[in-house]
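Peer 1: Here it is: the structure, laid out below.
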Amino acid sequence: MHSDVILRGRLNNWSQEMNSRSVLILGLLAFAAPLFAQEEEAAEAESPWSGNVKLGYIATSGNTENKSLNSSFEINYKPGDWEHQLRGAAIYSTDNNVTTAEAYDANWKSARNFTEHDYMFGRLDWRKDRFASIVEQFSQSVGYGRRLIDKENHQLNGELGIGARQSDLADLTDESDTIYTGRLTYAWQISENASFGQSLLVEAGSSNTFTESVTELRAQLVGSLAMVASYTIRHNSDVLPGTENRDTRTAISLEYGF
């Protein structure tokens, strides 16, 4: 009888200890849950890095042999009030083993936001086209930009700048001049899986005015993979005799975004 009383007492004590421990564990879990949630939110927070890689390739054979390659990449880094962008592109085409097009582009842009809608920027633009009147160009510019429209599905940015440009021509001469730049960039998110983009650049100098229009239509295929159709028009006001003022490029590419 005495041993039963002792056993029951011990059981009661063990039960009370378990209840206390359960309350303590539940309390710790309740306290830790917001911390875990914050860690998950931090892990899921938008990375300052983003970008994409595009690749398009067409080859034909038979009576004629033609190969065409267009590729490009874009890397963006946005830490705080700063935005940095690096872009590059290449086009190469052959017809019956004879090169008919070869062009390269690269540019770097850094911008500093000083209000929600206003920013200052600096740009470096390099262009090379083996078959153009202006074989190679390098321009440097600084200026002011403003987000004219900044909505969920529509964005329109405008930029004005001033700088310098150096050009190498096909006749082995070169030109250097001061330039004034203007740029408009529009983006429209048509739907969850489709978007439209349009940009217009004007780079005016005493020796030549360069204009570029780029139109893009993007359709998401699966995950980070998309199909992109683009049409580019480039125009130079002053070119060497026997060469065209305007060049056009039509491209269809696969894009991987990250």
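Derivation of every value follows stated rules applied to the coordinates shown; laboratory data play no part. Just so we're clear, the structure is a prediction, and the values are computed from it rather than from any experiment.
Peer 1: If you stretched the chain out fully between Leu55 and Asp150, how much longer would it get, using 0.36 nm times the residue separation minus the C-alpha to C-alpha distance?
Peer 2: On the way: separation 95, 0.36 × 95 = 34.20 nm, distance 2.97 nm.
Extra length from Leu55 to Asp150 when fully extended: 31.2 nm.
Peer 1: If you wrap region 201-258's Cα atoms in a convex hull and average its projection over all directions, what's the area in nm²? Before the final figure, lay out each step's value.
Peer 2: Values: hull surface 20.5 nm².
Spelled out: convex hull of the Cα atoms, projected over all directions, averaged, 5.1 nm².
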